[in-house]
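Engineer: Would you mind keeping the following structure in view while I ask a few things?
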Amino acid sequence: MLNKKLFFFSAALIVLLFGYLGCATVIEEPEITTTTSGGTTSTTTGSTSTTTTTTTTTTTTTTTTTTTTTTTTTTTTTTTTTTTTTTTTTTTTTTTTTTLWGSQTSGTSGISLYGVHFVNASTGWVVGAAGNVITTSNGGTNWTSQDSKTANNLKGLSFATNDIGWAVGLSGTIIKTTDAGSNWTVLNSATANDLNKASATDTNNVWAAGGGTGLRYTGDGGATAWSGQQPQSAVNNLNAVFMLSNSVGFAVGNSGAITMTVNGSNWGSPQTSGTPNNLNDLYFVSTLEGWVVGNSDTILHTSNSGTNWTTQTSGTTDKTLYGVHFINANTGWIVGSGGTILYTNNAGSTWSAQASGTSNDLYDVYFIDLSNGWAVGASDTILKYTH
């Protein structure tokens, strides 16, 4: 009995061993049934089919990966740099002084030049002391001397054409040219009085202002002796004459004298100028409107043919104003002592000084147009205006 138990125990060990080895072995052995009853043990042996199931246990190891997400909070500190740009605006005020008047070389030597006249922007003449006559054909870039046939001071001149002109001076001197000055001829003025200015309206009719009888006149260009014309009231001396036509003209003189003719031969009584100062020159742009200049900064203006004269402010002090010229009803120039040049563009309501570049006295001024003008004076002075 014991041997049977050992047998079955051995068999069980074998089965267990094969189970571990994963082999399924079917062993048919008698079924032993042991029954214990009341202390009696019954063993029943039968034929039993035993199926041994080998269970393979698969162990699944679940690896839990814990992902730790580290959130890095990046704090961006934005530093705003405020750049204050200070813009310094430098305003540079450039004062440009435009030199309008430039000096020209006269070719004369130490003399005063008293009168100037141009017929166009290129051709003109200047007269002066000791019978000097000079001419230019290029606007004054070059000046050449002409033979005047006199040694007397020449004070004024007037041309009727590009070729025909007259010049007047001291001791009743009158000279004439018919070929632009290539030849000058001395005329018979029939006076020994000084003559200061001339005004020609055409090739025949010419007037000259001076002392004594007042005015000299010719109606034939000077072919015969000149005749005298006298204002109705005595005038000490006439310094300038300006004729607008063969009939209408004005003349000015010492002690504020202004006289007018309306027929070219009879001169009226002196008009009321309102000044006792000597008057040296005049210019009219029409029979109604004109200007007169004189000593002690005197500027007079009329807009009604001299019925009324009003004083204009020169802006100068103690200057003798010798010459005046207008190119239209608004624009004109005045020259005077100490290099004085005055300019207006509003008919003389205001006058402004222009730099002449000289301290020499300036005796006469002449303009062809807004861009071309000349002034002449003491010590060979010729100035050219260019604008």
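Engineer: Mind checking which residues of segment 294-305 are surrounded by 19 or more Cβ atoms within 10 Å (Cβ to Cβ) and assigned to a loop (DSSP other than H, G, I, E, B)?
Structural biologist: ASN295, ASP297
Engineer: Given ASN152, ASN193, which one is under 21 Å from SER255 (Cβ atoms) and without any contact (Cβ under 8 Å) to a residue 24 or more places away in the chain?
Structural biologist: On the way: ASN152 fails: under 21 Å from SER255 (Cβ atoms).
Within the list ASN152, ASN193, the selection yields ASN193.
Engineer: Take the residues in segment 129-147 that are under 24 Å from ASP281 (Cα atoms) and among the polar types (S, T, N, Q); name whichever of them is nearest to the chain's Cα centre (by Cα).
Structural biologist: Taking the candidates together, the pick is THR135.
Engineer: Here's something else I'd like to know. Can you name the residue in segment 226-256 that is assigned to a loop (DSSP other than H, G, I, E, B) and at pLDDT 95 or above and, of all such residues, is least open to solvent (accessible area, probe 1.4 Å)?
Structural biologist: Top of the filtered list is TRP226.
Engineer: Take segment 274-285 and flag every residue that is over 33 Å from the mean Cα position of the chain (by Cα), at negative phi, open to solvent by 10 Å² or more (accessible area, probe 1.4 Å) and not charged (D, E, K, R).
Structural biologist: Matches in segment 274-285: THR275, PRO276, ASN277, ASN278, ASN280.
Engineer: Still on this structure, please answer the following. Which of (1) over 29 Å from the mean Cα position of the chain (by Cα); (2) closer than 18 Å to THR108 by Cβ; (3) of a type outside the set (Phe, Trp, Tyr) is the odd one out, the single condition LEU321 does not satisfy?
Structural biologist: Result: LEU321 fails condition (2) only.
For every residue, the table says whether it meets (1) closer than 22 Å to VAL116 by Cβ; (2) charged (D, E, K, R); (3) touching a residue at least 40 places away in the same chain (Cβ under 8 Å).
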{"residue": "ILE164", "(1), (2), (3)": "yes, no, yes"}
{"residue": "LYS197", "(1), (2), (3)": "yes, yes, yes"}
{"residue": "TYR217", "(1), (2), (3)": "no, no, yes"}
{"residue": "ASP220", "(1), (2), (3)": "no, yes, no"}
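Engineer: Can you tell me how many residues within segment 151-171 are open to solvent by less than 30 Å² (accessible area, probe 1.4 Å) and of a type in the set (Ser, Thr, Tyr)?
Structural biologist: Total meeting the criteria: 1.
Engineer: What number of residues within segment 213-224 are closer than 20 Å to LEU157 by Cβ, open to solvent by 20 Å² or more (accessible area, probe 1.4 Å) and modelled with pLDDT under 95? So that I can check it myself, show each step before the final result.
Structural biologist: First pass over segment 213-224, keeping only residues closer than 20 Å to LEU157 by Cβ: 214-223.
Of the ones still in play, those that are also open to solvent by 20 Å² or more (accessible area, probe 1.4 Å) are 217, 219-220, 223.
Those left that are additionally modelled with pLDDT under 95: none.
Selection size over segment 213-224: 0.
Engineer: Testing GLY210 on (1) at pLDDT 95 or above; (2) assigned to a strand (DSSP E or B), one condition comes back false. Which one is that?
Structural biologist: Result: GLY210 passes all but (1).
The values are calculated or read from the model by the stated rules, or taken from the named source; none is laboratory data. Values in this document were obtained by computation on a predicted structure and should not be read as measured data. Note that each Cβ is placed from the backbone with ideal geometry, even for glycine, and that neighbours are counted across all protein chains shown. Quick note on the areas: whole protein, heavy atoms, side chains included, nothing else; ligands and nucleic acids left out. Shrake-Rupley method; radii C 1.70, N 1.55, O 1.52, S 1.80 Å.
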